[in-house]
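Note sheet for the following structure.
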Amino acid sequence: MRPRTKRDAGALNHLFKIVLGIVLSLTVLMASSSAQTLDAVKARGFLVCGSSTSLAGFAQQDVDGRWSGFDVDICRGLAAAIFGNPDLIEFRSYRGEARFAPLQTGAVDVLVRNGAWTAARDMRYGSRYVTASFFDGQAFLVPQSLSVVSAYELDDVSICVVDGSGELQALDDFFFANQTSFRPVVYEDVADLAVAYRAGFCQVVSASGRVLQALRRELPDPSQQRILPERISKEILGPVVREGDDEWFNIVRWTIFSLITAEEVGVTSLNIDSLAATRSPIVRRLLGVEGDFGKALGLRATFMSDAIRAVGNYAELYDRHFGPQTGAAMLRGQNALWSNGGLLYAPPIN
């Protein structure tokens, strides 16, 4: 073995300095990027939210260009949490289910749209799903005249369905398991389902519950249509942010958690201002009266109560867009609180 020389030692020392410099540079870069989205949003003065093109109940524009819907109000709640004003927001709509490029480039700050949470979407596009804001899955739309109240009653029916999305296979599996039968009426695009159903080409439509809800609202008399309660697949929807910004991730997540917790403890947009003197520790923390959970996120102590005041708790949010007053009420089902048999759950605020 050749003995180590001064030249070797010098080379090793030089290499060590280079590696150390790279490590320190990456550390500084990571530290500076930890709050990059919040800083950009505050500097701009408004939140940019990426949403779906028109999907009734979730995101739609009126004749004056004003946005409304469940996903839209999630964004408005986030704007309120950041600025104390739900109107400091800009919506940008994108066709299709998932559009991650605008998020990657910084054209939008958060995506709240019709794109279900999957491994590929969570891992491949430099993005992170924050948490579940809506649970869904493949369901069935039937006319009230069919006198069916459960998917398990369906037998020997014609069903309009989109091919190539796994939904036809899910129908095969469901009806085979129940030893019942159906006749598929297959289309290539979701838009064809409403046309075919209205023309009487099929008795039933099968698609995700949110698509069926939008389709139902397009029909002449939505009250004469029913979305059956069962789901034969599982889909989770929620906001998506760029990966690598934990502070922003937590801001979006705890804004949604605050809406869920508010429903759990009975805090609404109507009674929130009367609860400042409450002795309940949970409510006091939610309102920012006790503890300052906003400080760690670069927000005000009242960021959660500001979101609730702006859009209401989760129940208010759901009822506003899917309740009886819409003319096409949709049961909460999986979107009920965990204490009411649903899947909706938020960690404790403490």
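The values are calculated or read from the model by the stated rules, or taken from the named source; none is laboratory data. The structure presented is a predicted model; accordingly, all values stated were derived computationally and were not measured. Every residue, glycine among them, receives a Cβ derived from its backbone with ideal geometry; neighbour counts consider all protein chains shown.
Miscellaneous remarks
- Residue 327 vs. criteria in contact (Cβ under 8 Å) with a residue 60 or more places away in the chain and under 24 Å from residue 55 (Cα atoms): yes
- In the stretch 85-121, residue surrounded by the fewest Cβ atoms within 10 Å (Cβ to Cβ) [restricted to those that are in contact with a helix residue (DSSP H, G or I) (Cβ under 7 Å, 6 or more places away or on another chain) and aliphatic (A, V, I, L, M)]: 88
- The stretch 255-289, residues that are crowded, with 18+ Cβ neighbours inside 10 Å and of a type in the set (D, E, K, R): 263, 264, 285
- Residue within the stretch 315-323 that is within 18 Å of the chain's Cα centre (by Cα), of a type in the set (Phe, Trp, Tyr), closer than 30 Å to residue 144 by Cα and assigned to a helix (DSSP H, G or I) present: yes
- Cross-chain or 6+ apart pairs with Cβ under 8 Å, the stretch 298-319 first and in the same structural domain as residue 257 (by TED's automatic domain parsing) and more than 14 Å from residue 85 (Cβ to Cβ), then among the basic types (Lys, Arg) and surrounded by fewer than 22 Cβ atoms within 10 Å (Cβ to Cβ): 301/295; 312/320; 318/332
- Residue check, residue 57 surrounded by 16 or more Cβ atoms within 10 Å (Cβ to Cβ), among the small types (Gly, Ala, Ser), touching a His at 6+ places or on another chain (Cβ under 9 Å) and closer than 27 Å to residue 343 by Cα: yes
- Restricted to the stretch 122-225, the set of strands (runs of 3 or more DSSP E) holding at least 1 residues that are loosely packed, with under 12 Cβ neighbours inside 10 Å and either modelled with pLDDT of 95 or more or more than 27 Å from the chain's Cα centre (by Cα) (or both) comprises 182-187.
- Just one of (1) within 26 Å of residue 43 (Cα to Cα); (2) not in a helix (DSSP H, G or I) fails for residue 248. It is (2).
- Cβ-Cβ under 9 Å pairs, at least 6 apart or on other chains, the stretch 330-350 side touching a residue at least 40 places away in the same chain (Cβ under 8 Å) and more than 19 Å from residue 254 (Cα to Cα), far side among the β-branched types (Val, Ile, Thr) and buried (at least 17 other Cβ atoms within 10 Å of the Cβ): 330/227; 331/227
- Residues of the stretch 39-59 classified as part of a strand (DSSP E or B) and touching a strand residue (DSSP E or B) at 6+ places or on another chain (Cβ under 8 Å), total: 7
- A search for C-beta distances below 7 Å between a residue of the stretch 179-205 that is farther than 10 Å from residue 159 by Cβ and any residue that is part of a helix (DSSP H, G or I) and of a type in the set (D, E, K, R), counting only pairs 6+ apart in sequence or on different chains, returns 194/218.
- For the stretch 335-349, the set of residues classified as crowded, with 17+ Cβ neighbours inside 10 Å and modelled with pLDDT of 95 or more consists of 335, 336, 337, 344, 346, listed by residue number.
- Residue count, the stretch 60-114 (criterion: part of a helix (DSSP H, G or I), at pLDDT 95 or above and of a type in the set (Gly, Ala, Ser)): 4
- Just one of (1) touching a strand residue (DSSP E or B) at 6+ places or on another chain (Cβ under 6 Å); (2) over 17 Å from residue 306 (Cβ atoms); (3) modelled with pLDDT of 90 or more fails for residue 36. It is (1).
- Filtered residues of the stretch 271-283 (kept if in contact (Cβ under 8 Å) with a residue 24 or more places away in the chain and in a loop (DSSP other than H, G, I, E, B)): none
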